[in-house]
Amino acid sequence: MSELLLLLVIGGGALIETVSHRVQLAARERALAPPTPAEQRSTRKQTPVAAAKTPRGRTVVMVLNGNGRTGAAASAASRVRHRGYRVGTVGNASTNDFARSLVMYKPGFAGEARRLAKDLRVKQVGPLDGIRARELGSAQLVFILGV
């Protein structure tokens, strides 16, 4: 009887050791496995919309009126200031037929442009188009107010 009891204890110990080893292997495999599409989507939602590099107070924005209405650039500049950005130049765009408002950026400032667009609820963001970087002066972003 004691031999049978001894065999059961030894067999139970070996079984526990095998199960714990398999659990450890499964945990390592899960850690090394690529994330599933559902996990990728959930991590994407947790990341911020704009990977901005500089604080809002150090980002200079040029505000241009592209809709032809009097005083529109000044009111847009006050909205930009209210969000914490510095306003450089306020003026009129070369044409007054912009269908939508847009934010343009100097190379390397895409993150700040996306953040400004999110703050102002502007859907169109892109690199400088039709404006030379040297025309911006100290501004890194351009906010053109559309219709």
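The values are calculated or read from the model by the stated rules, or taken from the named source; none is laboratory data. Given the structure is predicted, the values throughout are model-derived calculations rather than measurements. Glycine also receives a Cβ, built like all others from the backbone with ideal geometry; neighbour counts cover every protein chain displayed. Keep in mind that these areas ignore ligands, DNA and RNA; they rest on the heavy atoms of the full protein, side chains included. Shrake-Rupley method; radii C 1.70, N 1.55, O 1.52, S 1.80 Å.
So, with a 1.4 angstrom probe, what is the percent of accessible area on the chain that is carbon and sulfur?
Carbon and sulfur together cover 56 percent of it.
Show me, for segment 102-111, the HN-Hα J-couplings you get by feeding each phi into the Karplus relation (A = 6.51, B = -1.76, C = 1.60, θ = phi - 60°), rounded to Hz, glycine and proline as x.
Using θ = phi - 60°, the values come out as 8, 10, 10, 9, 6, x, x, 10, 5, x Hz.
Let's test the formula: R0 of 41 Å, r as the Cβ-Cβ distance of Q40 and R100. What FRET efficiency results, to the nearest 0.05?
About 0.85, to the nearest 0.05.
If you line up the long axis of helix 2-32 against the longest principal axis of the chain, both from Cα atoms, how many degrees apart are they, to the nearest 10?
20 degrees
Just for the Cα atoms in the chain, what are the lengths along the principal axes, largest first, rounded to whole Å?
That works out to 102, 28, 26 Å along the principal axes.
Using only Cα atoms and rounding to the nearest 10 degrees, what angle (0 to 90) does helix 72-82 make with the longest principal axis of the chain?
40 degrees
How much accessible area per residue does the chain have, in Å², with a 1.4 Å probe?
Per residue, the chain has 70 Å² of solvent-accessible surface.
Against the longest alpha carbon principal axis of the chain, how many degrees, from 0 to 90 and to the nearest 10, is the axis of helix 37-46 turned?
In the chain, helix 37-46 runs at an angle near 50 degrees to the longest axis.
If R0 is 41 Å, what FRET efficiency do you get for A26 and T54 from their C-beta distance, rounded to 0.05?
Here the calculated transfer efficiency is 0.35.
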